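Here is the structure we will look at, set down as structure tokens.
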Amino acid sequence: MIRGMHAMWYSTHAAELRSFIKEKLGLPGKDVGDGWLIFDAPEADLGVHPTGGEGPASGSSDVSFYGDDIEYQPRYTK
């Protein structure tokens, strides 16, 4: 069963996006150093990663889920 989600946004305007999430959306966040905030949402955490030049493009994102009792079941068999 899926118990929660982790999401990461990549932005060339990371500080502004973090500020929006904190101030406009009102999500509580923890500073993990150098202004990097990890935001807490019910059964989720959200982050904003600065980008520019190398790595993921600005405006892209990663989403992952966490849970318990996960068992791989192939959808198709040969």
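Just so it is clear, none of the values below were taken in a lab; they were calculated from the coordinates. Worth saying up front: this structure is predicted, and the values here are computed from it rather than measured. We place every Cβ from the backbone using ideal geometry, glycine too, and count neighbours over all the protein chains shown.
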Theoretical ellipticity at 222 nm over the chain - DSSP helices of four or more residues, -39500 (n - 2.57) apiece, nearest 500: -1500 deg cm²/dmol
With an 8 Å cut-off on Cα pairs and a minimum separation of 6 or more residues, tell me the relative contact order of the chain in percent. 47
Give the longest segment of the chain that steers clear of chymotrypsin sites (Phe, Trp or Tyr not before Pro) in DSSP loops with at most 11 neighbouring Cβ atoms within 10 Å, not counting the sites themselves. 1-71
Across 5 Å bins from 0, what is the distribution of all Cα-Cα pair distances for the chain, in whole percents? 3, 14, 21, 20, 15, 10, 7, 6, 3, 1, 0
Please identify the GluC sites (Glu not before Pro) of the range 1-50 that satisfy two criteria: DSSP loop assignment and at most 14 other Cβ atoms within 10 Å. Which are they? E43
